[in-house]
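Here is the structure we will look at.
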Amino acid sequence: MDVFMSNIGKQIIHQIHTPKVIEIIQEQLDTMYKHLVDEYFIKETLLNHLDIITRLPKTQATSQFQKRQQIYLLKVISQYFQAYALTDNVDVLRDQLQQNMNRNVKRLTKQKQKIKQIHMNKTLLKQVTNQDIINMNHQINLIDYELGINLSSIERLTNKNVLNWSIQAAEKAMQQLEALCKQYKQETNYELANINLILCKDFQELNLLQPTQDRLNYAEEVLSKWYQSKRHPIKGYYFYIQAIMRRWIHDAFIQCAEDLNNLQTFTRAEQRFILSKLLQGNSYITKIFDAFRNFQDSKQFNKDLRNFIIKNQGNQATIGQQGSGQALIEQIIDNSAVDFSGNHELLMVLNIFLIIRPMMCLGSLLRITNI
């Protein structure tokens, strides 16, 4: 049926206009196409899309469509905020939010109250259904998300705030998609991997090692189940991101080793024990390093690590030994089975995209990647 409708669509297009082949000239400067990126149009389209999917008639088919569209919309919003944070356009976003904040808060608050009042009236009349409750919760979640963005713009807006908004949107999209998979008895969905890769980038920019590793592992598990041994562009894209992330994690481990060594309160044996646990993915140790990397509280950092040593090895001597933290972590990594070079993943990506000819553009990109 889909193929039939697609063929009809192509026939109609050919009746209206005969497509012509246009030669595309490659340009080095993206600024030549800056006029094609209309940010006002993008925002207006997102808001219109949000309005449409919340006004569709209440049927089983449109309900499923609404849920899928809300998931996709939240994912796009997450990517949109991430792009703002990564391109240092936070000042632009701050000005726009402050101009519209008061008006938006009033409008959204009234809209939320109206939805709740309608639900209350239906409840009193005993006309509310389970589907009504689901739809109301979806609408209120979206409104609360938008309210949170507007209200927080009162405070000083930073890249960290915008990245947190991106995380909130991606996590909401993931929660709804997981619920949808469960409802339709699907074990997994490749979009879960894509959303987790968005979160990986957010957590990486926030300098958080633990959630970055967790999301990366989750995405790998999802794609392994979804594609298995099949070659697919999205699978190739994942391996490419994984390679880049592995190299970032390697650099983060080196920095953690240097931070530990700079305390000069742990013996070489204690440092080796702590870094081995970090490499093994011990969540408690990783959170200690993440806290220090973000707040730079040396006193608390030293206290937490010392408590960990006492709990696991007993109270030993605390005479610090001089030496390179990087040399120690590199030695630990070499003695383990973990590869942080990313070379294996890059070779797998190259293999996928050399076979899938339409994606040769990424294949060309990989050829110049430092393998």
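The values are calculated or read from the model by the stated rules, or taken from the named source; none is laboratory data. Just so it is clear, the structure is predicted and the values come from calculations on it, not from any experiment. Because the Cβ atoms are built from the backbone with ideal geometry, glycine has one as well, and the counts that use them run over all protein chains shown. Remember, those area values only see protein heavy atoms, side chains included, never the ligands or the DNA or RNA. Shrake-Rupley method; radii C 1.70, N 1.55, O 1.52, S 1.80 Å.
Data for the structure
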| read-out | value |
| --- | --- |
| Checking ASP214 against (1) assigned to a helix (DSSP H, G or I); (2) under 30 Å from MET348 (Cα atoms); (3) in contact (Cβ under 8 Å) with a residue 40 or more places away in the chain; (4) open to solvent by 60 Å² or more (accessible area, probe 1.4 Å), the condition it does not meet | (3) |
| Test: residue in segment 55-72 that is in a helix (DSSP H, G or I) and modelled with pLDDT of 80 or more | yes |
| Close pairs from segment 233-247: first of a type in the set (Val, Ile, Thr), partner at pLDDT 85 or above and part of a helix (DSSP H, G or I), Cβ under 6 Å, at least 6 apart | ILE241/LEU197 |
| Criterion violated by SER298 - all others in (1) modelled with pLDDT of 85 or more; (2) within 28 Å of the chain's Cα centre (by Cα) satisfied | (2) |
| Among residues of segment 270-310, those that are farther than 21 Å from PHE340 by Cβ and without any contact (Cβ under 8 Å) to a residue 24 or more places away in the chain, counted | 10 |
| Criterion violated by GLN176 - all others in (1) under 21 Å from ASN217 (Cβ atoms); (2) in contact (Cβ under 8 Å) with a residue 40 or more places away in the chain satisfied | (1) |
| Qualifying positions in segment 181-193 - part of a helix (DSSP H, G or I) and either free of Cβ contacts under 8 Å to residues at least 12 places away in the same chain or open to solvent by 30 Å² or more (accessible area, probe 1.4 Å) (or both) | CYS181, LYS182, GLN183, TYR190, GLU191 |
| Some residue of segment 94-101 being more than 19 Å from the chain's Cα centre (by Cα), free of Cβ contacts under 8 Å to residues at least 40 places away in the same chain and surrounded by 16 or more Cβ atoms within 10 Å (Cβ to Cβ) | no |
| VAL128 vs. criteria part of a helix (DSSP H, G or I) and more than 29 Å from LYS230 (Cα to Cα) | no |
